[in-house]
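Single-structure report; data block below.
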Amino acid sequence: MLEQYMPFIGLIIFGNIENLILSSQGVVEGVNIRILGGLSIIAVILWLLIGFVATDFAMHYANIITFIGGLAIFLLGIKAIWDAVKNIRAKNGGA
């Protein structure tokens, strides 16, 4: 039964990484962590519901979806690192 979902294993891993990246961006920007945590849980539940509904349709496009998801996570990671470095430099007086 789980074999049919194996094409999406990358998205499961990347999705968790993406959630961590977005959370770290929120913390760097000084967002209320309770609100950020609540929104994060809501986002995970929404993706779970979308996954249950759209998996059969999405199977035909698994490789494309995984590529786009991986690219988005890569770009979000670069942006998170960039923002964190800018924030650290600002706090340290341009170090």
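The values are calculated or read from the model by the stated rules, or taken from the named source; none is laboratory data. Please read these numbers as outputs of a predicted model, since none were measured by experiment. So basically every Cβ, Gly included, is an ideal-geometry build from the backbone, and we count neighbours across all protein chains shown. The area values use the complete protein model at the heavy-atom level, side chains included, leaving out ligands, DNA and RNA. Shrake-Rupley method; radii C 1.70, N 1.55, O 1.52, S 1.80 Å.
Remarks
- The number of residues in the range 25-49 that are loosely packed, with under 12 Cβ neighbours inside 10 Å and part of a loop (DSSP other than H, G, I, E, B) comes to 3.
Here's the yes/no breakdown for (1) of a type in the set (A, V, I, L, M); (2) farther than 19 Å from Ile17 by Cβ; (3) open to solvent by 90 Å² or more (accessible area, probe 1.4 Å):
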{"residue": "Phe57", "(1), (2), (3)": "no, yes, yes"}
{"residue": "His60", "(1), (2), (3)": "no, yes, yes"}
{"residue": "Gly70", "(1), (2), (3)": "no, no, no"}
{"residue": "Leu76", "(1), (2), (3)": "yes, no, no"}
{"residue": "Asn87", "(1), (2), (3)": "no, yes, no"}
{"residue": "Lys91", "(1), (2), (3)": "no, yes, yes"}
